[in-house]
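K.L.:
Here it is: the structure, laid out below.
Coordinate-derived values only; no laboratory data. All values reported here derive from a predicted model rather than from experimental measurement. With ideal geometry, Cβ positions are generated from the backbone for all residues, glycine too; neighbour counts draw on all protein chains shown.
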Amino acid sequence: MDEIKLPTNLPENISQKIRSDGKIRRIVVDRIKCIGANSCVAVAPGVFQLDDQNLAYVTDPDSTDEDTIRLSAESCPVLAVLLFDADGKQLFPEE
Ligand code: SF4
């Protein structure tokens, strides 16, 4: 399995998982930013769920395609879903 590099700019309180394939390899929820708006869960319920504090966490990162994952990140009103490639480069939100 190839190495997935750690991003240098990860927030302090996160939920994250690594995808096994494709361009998007690391899915991160910034749990300090998350306001429990549920949009990410509505778009990609296999990838995100809300916990008992109403904060999103990553469940199964391989359960849907990359377009849907990107849409779920774009749907977050506070941009709390971050996407990275295998080199640790942030793909969304674009820097
Ligand atoms: S869409 Fe954003 S604010 Fe809403 S639950 Fe997901 S991560 Fe949290």
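K.L.:
Before anything else, pin down the relative contact order of the stretch 50-95: Cα pairs under 8 Å, at least 6 apart, normalised by residue count, whole percent. Intermediate results must be reported in sequence, preceding the final value.
P.N.:
Working: 28 pairs, mean separation 9.7, N = 46.
Computed value for the stretch 50-95: 21 percent relative contact order.
K.L.:
Moving on to the next point. Give, as a single signed number, the net charge of other residues whose beta carbon lies under 14 Å from the beta carbon of residue 79, with Lys and Arg counted +1 and Asp and Glu -1. Can you show the working numbers first?
P.N.:
Values: positive: 31, 33, 70; negative: 30, 74, 94, 95.
Neighbour charge sum, excluding residue 79 itself: -1.
K.L.:
Can you pull out the GluC sites (Glu not before Pro) in the stretch 1-94 whose DSSP state is coil and whose Cβ has at most 11 other Cβ atoms within 10 Å?
P.N.:
Working: sites: 3, 12, 66, 74, 94; in loops: 3, 12, 94.
Qualifying residues, ordered by number: 3, 12, 94.
K.L.:
If you build the convex hull over the alpha carbons only and average its shadow over all orientations, what do you get for the chain? Give it in nm² to one decimal.
P.N.:
Seen from a random direction, the Cα hull of the chain projects 5.5 nm² on average.
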